[in-house]
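Notes to accompany the following structure.
The values are calculated or read from the model by the stated rules, or taken from the named source; none is laboratory data. Predicted model, so just to flag it, every value in this text is computed and none were measured. Cβ coordinates were reconstructed from backbone atoms using ideal geometry, including for glycine residues, and neighbour counts include every protein chain displayed.
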Amino acid sequence: MRNEPDLPREHVRAWLLILVGASSTAGLTPLPVQLFHRMVFLSNSLAQLYETQPPAELVLKQDRGPYYPQAEFELERLAIQGLVNMTDMRWTEGAERQMEASFSLSSAGLSCVRRLVAKSSWCASVHSFLIDLAAAVAHVDEGYEVSTADRDLTYSQPGIQDRAVISFRSWGERLSQRATEEIASLSPPGCEPSRQHQLRLYLKYLERLAA
């Protein structure tokens with residue numbers, strides 16, 4: 001199953017490059033591949049909170065967690081182009097061998113992100129969202145980032161079988177966004193949290209579920 005992007009491919013590559021850059025700013029890099037896929041999923045499932053169209057609005061449910069093979073392929077292409085660094089590469093053991101690696105932004109990639117954000121209002125909007133998302137993930141207790149993301153309410157909703165496709169194209173299906181907004185609504189009058197704080201509250205809520 002491939003999670004086909006709703007955005008043109010060049011937009012997807014820009015999104016991924018900005019995502020790695022935001023993760024670097026938040027201190028999450030080198031970004032392990034397991035966390036990379038979860039960051040891609042969270043960025044997809046929560047993008048509408050910032051009124052931003054994500055690359056994809058569906059995900060394949062798997063025991064190993066959210067997995068976006070096309071996104072990983074595009075990230076590896078960015079590495080070949082010298083915009084992303086790949087380190088700690090190895091193959092896992094077992095019946096289904098998988099490559100593991102960690103990703104970080106190269107100096108050329110950083111320069112590219114800066115140019116994209118300066119010249120494109122879309123990239124600037126995506127950058128603002130992904131910076132806030134990466135900061136929210138970084139505020140999760142160290143070592144709990146992956147398990148916290150796996151408790152996302154869209155991904156972990158009951159009744160979804162393994163290998164099933166979870167869609168969040170409509171507002172009713174966007175359980176992540178709805179939960180984030182619901183948690184924010186519990187704040188005292190006059191203390192309405194910003195979208196950045198809404199993301200942090202939601203991730204801390206998921207962290208409590210994962211503990």
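For this structure, a couple of remarks:
- Taken over segment 55-82, the criterion of being under 21 Å from GLY109 (Cβ atoms) and under 15 Å from the mean Cα position of the chain (by Cα) is satisfied by PRO55, TYR68, GLN70, ALA71, GLU72, GLU74, LEU75.
- Condition met for LEU153 (farther than 16 Å from PHE36 by Cα, among the aliphatic types (A, V, I, L, M) and exposed (fewer than 12 other Cβ atoms within 10 Å of the Cβ)): no
- Counting the residues of segment 172-188 that are in contact (Cβ under 8 Å) with a residue 60 or more places away in the chain and more than 15 Å from ASN44 (Cβ to Cβ) gives 1.
- Here segment 56-72 is the region considered, the condition is being free of Cβ contacts under 8 Å to residues at least 40 places away in the same chain and assigned to a loop (DSSP other than H, G, I, E, B), and the residue that is surrounded by the most Cβ atoms within 10 Å (Cβ to Cβ) is TYR67.
- Subset of segment 134-170 (residues that are without any contact (Cβ under 8 Å) to a residue 60 or more places away in the chain, of a type outside the set (D, E, K, R) and at negative phi): LEU153, SER156, GLN157, PRO158, SER170
- Applying the criterion of at least 1 residues that are closer than 18 Å to LEU16 by Cβ and not charged (D, E, K, R) to the strands (runs of 3 or more DSSP E) found wholly in segment 73-167 leaves 84-91, 99-105.
- Residues of segment 183-210 satisfying the condition of being hydroxyl-bearing (Ser, Thr, Tyr) and either within 20 Å of the chain's Cα centre (by Cα) or part of a helix (DSSP H, G or I) (or both): SER185, SER194, TYR202, TYR205
- Residue ID - modelled with the lowest pLDDT, chosen from residues in segment 2-55 that are assigned to a helix (DSSP H, G or I) and among the basic types (Lys, Arg): ARG9
- Residues satisfying the stated conditions in segment 188-211, i.e. farther than 22 Å from PHE129 by Cα and surrounded by 13 or more Cβ atoms within 10 Å (Cβ to Cβ): LEU209, ALA210
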